[in-house]
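Report on the structure given below.
Since every read-out is calculated from the coordinates, none of them should be taken as a lab result. Just so it is clear, the structure is predicted and the values come from calculations on it, not from any experiment. Cβ placement follows ideal geometry from the backbone for every residue including glycine, while neighbour counts extend to all protein chains displayed.
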Amino acid sequence: QLKPFRNHPFKVRDDQRMLDTVDSIREYGVLVPAIARPDPEGGYELISGHRRKRGCEMAGLQTMPVIIRDLDDDAAVLVMVDSNIQREELLPSERAFAYKMKLEALKHQGARSDLTSMQVAQKLSVQKVGDDAGVSKDQVRRFIRLTELISELLDMVGERKLAFNPAVEVSYLKRDEQRMLLEAMDAEQTTPSLSQAQRLKKFSLEGRLTEEAMSAIMSEEKKSDMDKVTLRSDTLRRYF
């Protein structure tokens, strides 16, 4: 009867941590109940506890303890995000879509309260998302920018093949330009530095990002490559 939360941004992985969870459930049961809300179409929508549900399935259990709450869509999003956002192993994509969902929910609540102007409410909402997650509001905005990336580039950020800050700049490119960049990266066997990504963004905003311009930018020798110096550890130990 438990259905996953609609557009749930957090992935449930059958990794070693999940196997440890399964062992714990078999030995002790589910110690912390999940949270769900009634689904108008029948059954219940799971808000918090997707990993515990998967663990129970893998442990062969038919039921699990759940607290049922009557929550509207915005309140459900806030509970769902806050119960997951502090996990250390989150992918950048998971954090990006979670921040975005929470920001939208807070803006809806601010609009309904009608206590402040929409602009002020939005600014306060971004600040709250950051405060709750322990990051700056600017970092929240940068993460949310990642949701504008095509899936292939977003996956590369999660795999650490594309650095975070260049990825934020690349997110301003149109989707067809992002696909063109993907081909250029494959051809050059490199990813854009922050400087290159900023110029790609500038060319895109000016409507001058042609295939030739992108190829020229991506084929440049990066400053970090030209200035790289390697020191052996035994050399460093003489001074540090």
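Between the beta carbons of residue 206 and residue 57, assuming R0 = 30 Å, the FRET efficiency works out to 0.05 to the nearest 0.05.
Given that just one value was derived from the coordinates, which of (1) 18.3; (2) 21.0; (3) 19.5 is Kirkwood radius over Cα pairs in Å? The value matching this structure is (2).
For segment 137-219, the Kirkwood estimate of hydrodynamic radius, built from reciprocal distances between every pair of different alpha carbons, is 12.5 Å. A simple spin-label model places pseudo-atoms 7 Å from Cα toward Cβ; at residue 152 and residue 182 they are separated by 0.4 nm. Please say if segment 1-142 is rounded, prolate or oblate, where rounded means a/c under 1.5 for a ≥ b ≥ c the square roots of the C-alpha gyration tensor eigenvalues, and otherwise the choice is prolate for a/b larger than b/c and oblate otherwise? It is oblate, given that a/c is not under 1.5 and a/b is not larger than b/c. The angle separating the long axis of helix 16-28 from the principal Cα axis of greatest extent in the chain is about 10 degrees. In this structure, residue 231 and residue 141 have a Cβ-Cβ separation that, at R0 = 35 Å, corresponds to a calculated FRET efficiency of about 0.40. Separation of segment 58-104 from segment 1-35 is 12 Å, based on Cα centroids. For the Cα atoms of the chain, what angle does the longest principal axis make with the long axis of helix 118-133, in degrees from 0 to 90, nearest 10? Roughly 80 degrees between the two axes. Projecting the Cα atoms of 153, 126, 214 onto the charge dipole of the chain (Cβ charges, centred on the Cα centre) puts 126 farthest toward the positive pole. If you model segment 171-220 as an ellipsoid using its alpha carbon gyration tensor, with each semi-axis the square root of five times an eigenvalue, the axes come out at 15, 11, 10 Å, biggest first. The angle separating the long axis of helix 73-82 from the principal Cα axis of greatest extent in the chain is about 70 degrees.
What aspartates and glutamates sit close enough to residue 102 to cross-link, taking a C-alpha to C-alpha distance under 16 Å and skipping anything fewer than 8 places away on the same chain? Reachable aspartates and glutamates: 72, 73, 74, 82, 94, 131, 132, 138. Largest GNM mean-square fluctuation across 31, 46, 90, computed for the chain with C-alpha springs under 10 Å, falls on 31.
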